[in-house]
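Colleague: Below you will find the structure I want to go over with you.
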Amino acid sequence: MEPASRLDHNHELAIKDLPYIVRWRDDRCKRCGKCTAVCPMLSIEPAVVVKRVVQSEGGTPEPKSIRYVTTIVKQTTNIERYCIGCATCALVCPNEAIEPEYNPQSKFNFHKNKGGHPYRRGGRRNDPQPSTLDRLRFTRISMLTDPALDAGRHEFRIRTYLGRILPAEDLPLKMVNGKLEVDKISGKFIPPVREIYPVMIGSMSIGALSPTMWEGLAMGITYLNEIEGLPVVMCSGEGGMPQRLLKSRFIKYFIPQIASGYFGWDEIVRALPHMIEDPCAIEIKYGQGAKPGDGGLLMAHKVLKLISEIRGVPMGVDLPSPPTHQTKYSIEESVAKMIQSMSMAWGFRVPVYPKISGTRTAKAVLNNLVRNQYAAALSVDGEDGGTGAAYNVSMDTMGHPIASNIRECYLDLVKLGKQNELPLIAAGGIGKKGNLAANAAALFMLGASAVSIGKYIMQAAAACHGDEMNRCNVCNLGKCPRGITTQDPKLYRRLDPDVVAERVVEVYKSLDVELKKIFAPMGRSMELPIGMSDGISTDDHAIAERLQISYVC
Amino acid sequence: MCRLAAITSNEYFSPIENITALETMKEGHDGSGMGLILKSLGGEFEDLKDYPILSGICSKEGMKTLDDYMNKLGFKLKYAWTPKINPVKGIAGRDHYFARVYDYPDVYKDKPFEVKEDLLLKTRLALRKFGENDESIIVFSFYPDIITLKEVGDPLELCEFFSLDKSPLKAKLIFAQGRQNTNYAINMYACHPFFIQGYGSMTNGENTAFVPIREFLISRNFPGYIGYNSDSEVFCHILHYTCKQLGYPLTYYKDVITPLKQKEIDARPDSETIRLLKTSLRPLCIDGPNCVIAFTPDGTSIMVQDAKKLRPGVVGGVKGKYGLMSEECGLDSIIPDRDKSLDVFPMKYDMVIVKPDAQEVIVWNQLHG
């Protein structure tokens, strides 16, 4: 018997199966076509339909059925062109005639695997619940017995150190006329240490980011350093940096990253003899919180002229970074070969540190690093970190939350007495709910020396649509409607790098004020409250116990 | 806020002077405890300067445990001092208050002083542990030429309780602290001044950076860095760590607890060193509203303030007798005939150093090094 599916559309998805339903209002729409033109997914399209209305004219009812042909805006149920909820249509609509609405009943994950290809996307873990960081409160407030400080009037020093710090016992000091002097002839190696702002911009590559976005971030942090006196630094992500930046004096505000694909490093090595300043540091990427244990992939359609030049590769080819550094078979080898050889490349003047994804094995990595004097820090990227492209299953289910991971690493260092020697950098979900200063301050108090942000700055500086309700999150497709994660000039020209830079500056200036507003009532001003765990509490017993902080209710 | 009264002199004087100063500075209730440390002892202790003195409080059972332990280690009791207890309403007395002078065990007699110091510290810590659960033994110091006396109550009433006004007990350097009413579950180990291996300190104010500092000190693995029943005990241990463990000159204590800004460091002649200290000893930055008064093994006394100068503190006197007090009225009560225009109110960059025997006052400025 012939199946009836063709007649009743049975194998097609219903609108209710999709994550966003487009609400279009016939009465408001003037059919200008802007929404359908701008939709990055082509989820909506103009369609021609026949409509039937019943009309009655005259003094007595004489209903007549009239059929007419008209244009509408129609949402497709093709899962390849599903509505991502970005609301770019609403942004351009002159009459507020259209907007996507989140559909909590969506069965998207049941269907987004056409052709046997699992769902891949950008963004971060789809979990709109508050993270552990958002459940922490600052409860040690200076009251009467010790006066609270004034965030507006008192002097504050919100800085941290990036680099391996020698214990005081190992400093090569000698006494000369009652003063301590550095003993130059001792030959003792003093590792390089940078004084930086404790909230860094984490690794996002040119390639993952559009040229305009990356330029905006770079201009923003340069302005913060040179004009505002805030030494904010930024990591390049894998894939190198423009030659003119490498050879400029501004390179000192940047942290070039080397990852398992080594993209861009031919060009960096070529630039080395011409560099007039050292970079802030070098980050070696071993893992990423959003997709731990997985590699990277810059899709061929993103590898255009600029990217191919910076990365030193042909145009239009896929650029896969393997999950691991293929030439390394052990942590000892990785530390010895990579950290030490990268240190050597800059004459041991540049801190070199690894970045790993949050994992229960982070302590094992840490234990190895503390025993290597060239390891400058450890960056741990928690499961709520963002990415330009990953399998949804990795993003949603793989990884380790940052709070307990950083806490146990810090307490491990305390046990060894090395809590001040190897700075811990925490990343992954900081500012997920918009509470950047509070999340950062909580992580300092749990033991982080610095934090890295990525997704937050994209959202704050360029109004990235992505969220944890799976809105947008098409960074991997090169279709970013804001022009943030695309190499398509039609899209990235939407983004004004000057506006991005201005927003970066605004974000950091307000962050600085908010951090002071947290530290001042707690009586801290001159040093970052690293490990000041008596300052934070939570209303969750289990969290309190795990993080070794107090429970309040 | 705690009241602090330190007096340093080239002549022996009675702790009643410090207590008078505390009384003068008193504002409201001041009954959470008083601590006294006497250094460069006179009277009956003048001829016993080479022998360690164990100061503390014991119950009857505790005293037996203490004696047994000291005998077992080979310490020989040379002299025992106890204050004459005069019952005062409101002060719950304990069985034994003591300062007992011991001779070293025979095997230690010819050992260098550093070895003896280690023995004294370990012995004190062992005794402390014996009495930790039931407070049968509380020991404050075990060191030559140092007596520590502490109890809960109003300083003046405690003076009467211990009959200090009638006692011949005298010293050339006496630190006294009167604790206010912010602590009710009072642990005697939380009472200032604190002492470790020749270094003593007392502080007013709260230490907002207490937890990271405590974790850093404990993780130095030095057996004496324990306790921390008070957030102020770390000031004493930081001084010990800076000067004794690391061997830095005294003024670097200021650079450790209140590090300069980078621009200020650049102007220091020893900038390279200071920059390294700031990073290496970062967790010891005190960051709170604190005035610290301390002494070192040679009898030098110092006063330093936090980086915001949020607490009062004054140093003044005449050659041969100086007071380091939390308030000026305390100083007036003890050394009224001084030139007040020479009083020093240390600000955020200053370390006031009073040399042993109160011969000289130096104001060291951190900006100039």
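Colleague: Could you derive backbone 3J(HN,Hα) for region A:231-245 from the dihedral phi with the Karplus parameters 6.51, -1.76 and 1.60 (θ = phi - 60°), listing whole Hz in sequence and x where the residue is Gly or Pro?
Modeller: So the Karplus estimates, Gly and Pro as x, are x, 7, 10, 9, 8, 6, x, 7, x, x, 9, x, 4, 5, 6 Hz.
Colleague: From the helices alone, meaning DSSP H stretches of at least four residues, give me the mean residue ellipticity at 222 nm for chain A, per-run term -39500 (n - 2.57), in deg cm²/dmol to the nearest 500.
Modeller: Dividing the helical sum by the residues of chain A leaves -7000 deg cm²/dmol.
Colleague: Just going by the charge dipole of chain A, with Lys and Arg at +1 and Asp and Glu at -1 on Cβ, which of A:Asn405, A:Phe250, A:Gly296 is farthest out on the positive end?
Modeller: Farthest towards the positive end: A:Gly296.
Colleague: Something else: How do the peptides B:98-107, B:228-237, A:113-122 rank, highest first, by the average count of neighbouring beta carbon atoms within 10 Å per residue? Please list the in-between numbers first.
Modeller: Details: B:98-107: 18.6, B:228-237: 24.4, A:113-122: 13.5.
Top to bottom by mean Cβ count within 10 Å: B:228-237, B:98-107, A:113-122.
Colleague: Tell me, how many Å apart are the Cα centres for region A:2-80 and for region B:268-341?
Modeller: First find each Cα centre; the distance between them is then 81 Å.
Colleague: Output the direction-averaged projected area (hull surface divided by four) of the convex hull of the alpha-carbon atoms of chain A, in nm². Write out the running numbers ahead of the final one.
Modeller: Values: hull surface 146.3 nm².
Average of the hull's projected areas for chain A equals 36.6 nm².
Colleague: Let me test this: with uniform point scatterers at the alpha carbons of region A:9-117, what is the Debye-based log₁₀ I(q)/I(0) at q = 0.20 1/Å?
Modeller: -1.04
Colleague: Suppose we look only past 34 Å in the calculated P(r) of chain B. What percent of the Cα-Cα pairs does that tail hold? Each step should come with its number before you reach the end.
Modeller: Values: 15154 of 67896 pairs.
Everything past 34 Å amounts to 22 percent.
Colleague: Something else about it: Report, as an integer, the average count of C-beta atoms from other chains found within 10 Å of each Cβ along A:160-170.
Modeller: 3
Colleague: What order do you get for A:Glu226, B:Glu272 when you list them from fewest to most C-beta neighbours inside 10 Å?
Modeller: Final ranking by Cβ density, sparse to dense: A:Glu226, B:Glu272.
Colleague: Counting only DSSP beta bridges with both residues in chain A, what percent are antiparallel, rounded to the nearest 5?
Modeller: For chain A, the DSSP antiparallel bridge percentage is about 55.
Colleague: I'd like the GluC sites (Glu not before Pro) in region B:108-198 restricted to DSSP loop residues with at most 16 other Cβ atoms within 10 Å, sorted by number.
Modeller: Loop-located and lightly packed - B:Glu132, B:Glu135.
Colleague: In whole Å, what are the extents of region B:266-353 along the principal axes defined by its C-alpha atoms, from largest to smallest?
Modeller: Projected onto its principal axes, the Cα set of region B:266-353 covers 45, 26, 26 Å.
Colleague: How big is region A:269-401 by the Kirkwood estimate over distinct Cα pairs, in Å?
Modeller: 16.3 Å
Colleague: Ok, one more. Around B:Lys49, with a cut-off of 11 angstrom between Cβ atoms, what is the net charge of the other residues, counting Lys and Arg +1 and Asp and Glu -1?
Modeller: With Lys, Arg at +1 and Asp, Glu at -1, the neighbours total -3.
Colleague: When Cβ neighbours within 10 Å are restricted to other protein chains, what is their mean count per residue of peptide B:283-289?
Modeller: Taking the mean over all residues of the peptide, I get 6.
Colleague: Let me ask something additional. Positive end of the charge dipole of the protein assembly as shown (Lys, Arg +1 and Asp, Glu -1 on Cβ, about the Cα centre): tell me which of A:Trp265, A:Ile339, B:Ile213 has its Cα farthest that way.
Modeller: A:Trp265
Colleague: Quick check on chain B: helices-only [θ] at 222 nm, where DSSP H runs of length 4 and up contribute -39,500 (n - 2.57) each and the sum goes over total residues. Nearest 500, please. Write out the running numbers ahead of the final one.
Modeller: On the way: 10 runs with 94 residues, N = 369.
Calculated from helices alone, the mean residue ellipticity at 222 nm is -7500 deg cm²/dmol.
Colleague: Shifting gears a bit: Just the C-alpha atoms of region A:395-553: what Rg/Rh do they give, with Rh taken as the Kirkwood radius?
Modeller: With Rg and the Kirkwood Rh in hand, the quotient comes to 1.03.
Colleague: Further, regarding this structure: For the protein assembly as shown, would you read off the P(r) tail past 45 Å as a percentage of all alpha carbon pairs?
Modeller: Percentage above 45 Å: 42.
Colleague: Nearest 20 debye, what's the magnitude of the dipole of region A:9-117 about its Cα centre given +1 on Lys and Arg Cβ and -1 on Asp and Glu Cβ? Mind dumping the intermediate values first?
Modeller: Working: 16 positive and 11 negative charges, 33 e Å.
So the magnitude is around 160 debye.
Colleague: Let me ask you something else. P(r) for region A:131-194: what percent of alpha-carbon pairs falls in each 5 Å bin, starting at zero?
Modeller: Binned Cα distances yield the sequence 3, 11, 11, 12, 12, 11, 12, 12, 9, 5, 1, 0.
Colleague: Could you sort the peptides A:343-355, B:61-73, A:442-454 by per-residue average Cβ neighbour count (10 Å cutoff), highest mean leading?
Modeller: A:442-454, A:343-355, B:61-73
Colleague: Return the Cα extents of region A:436-481 along principal axes one, two and three, sorted largest first, each rounded to a whole Å.
Modeller: Projected onto the principal axes, the Cα atoms of region A:436-481 cover 39, 18, 16 Å.
Colleague: Follow-up question, since we're still on this one. Across the residues of B:271-281, average count of Cβ atoms on other protein chains within 10 Å?
Modeller: Taking all residues of B:271-281 together, the mean is 6.
Colleague: Which residue, chosen from A:Thr71, B:Gln366, A:Gly316, occupies the Cα position most advanced towards the positive end of the dipole of the protein assembly as shown, where the dipole is computed from +1 (Lys, Arg) and -1 (Asp, Glu) charges on Cβ about the Cα centre?
Modeller: Farthest along the dipole direction, towards plus: A:Thr71.
Colleague: If you project the alpha carbons of region A:229-296 onto the principal axes, what extent comes out on each, in Å, largest first?
Modeller: For region A:229-296, the Cα spread along each principal axis is 36, 31, 14 Å.
Colleague: Straight-line reach only, C-alpha to C-alpha below 15 angstrom: list the aspartates and glutamates that B:Lys244 could link to, leaving out same-chain residues fewer than 8 apart.
Modeller: By straight Cα distance, B:Lys244 reaches A:Glu169, B:Glu114, B:Glu117, B:Asp118, B:Asp298.
Colleague: So which trypsin sites (Lys or Arg not before Pro) in region A:26-105 are both in a DSSP loop and have at most 15 other Cβ atoms within 10 Å of their Cβ?
Modeller: Passing both the DSSP loop test and the Cβ count: A:Arg28, A:Lys30, A:Arg31.
Colleague: Could you work out the Rg to Rh ratio of region A:483-553, with Rh taken as the Kirkwood radius (inverse of the mean 1/r over all Cα pairs)?
Modeller: Radius of gyration relative to Kirkwood radius: 1.25.
Colleague: Mind checking which lysines have their C-alpha under 23 Å from B:Lys26, skipping anything on the same chain fewer than 8 residues away?
Modeller: Hits, sequence-local ones excluded: B:Lys89, B:Lys150, B:Lys166, B:Lys309, B:Lys321, B:Lys340.
Colleague: Could you grab the Rg to Rh ratio for region A:181-249? Cα atoms only, Kirkwood for Rh.
Modeller: Taking Rh as the inverse mean 1/r over Cα pairs, Rg/Rh reads 1.12.
Colleague: Here's a follow-up. Give the percent of DSSP beta bridges with both residues in the protein assembly as shown that are antiparallel, rounded to the nearest 5.
Modeller: Restricted to the protein assembly as shown, the bridges split so that about 80 percent are antiparallel.
Colleague: Tell me the Kirkwood hydrodynamic radius of region B:137-264 in angstroms, computed as one over the mean inverse distance between distinct C-alpha pairs.
Modeller: Computed over Cα pairs of region B:137-264, the Kirkwood hydrodynamic radius comes out at 16.4 Å.
Colleague: Let me ask you something else. Please list, in chain and number order, the residues 5+ apart from A:Asp146 or on another chain whose amide H is under 5 Å from its amide H, with Hs placed from the backbone.
Modeller: For A:Asp146, no residues qualify.
Colleague: Counting other Cβ atoms within 10 Å of each Cβ, which GluC sites (Glu not before Pro) in region A:52-132 have at most 14 and sit in a DSSP loop?
Modeller: A:Glu57, A:Glu96
Since every read-out is calculated from the coordinates, none of them should be taken as a lab result. Here the structure is a predicted model, which is why all the values come from computation and not from measurement. Neighbour counts run over all protein chains shown; Cβ positions are idealised from the backbone, glycine included.
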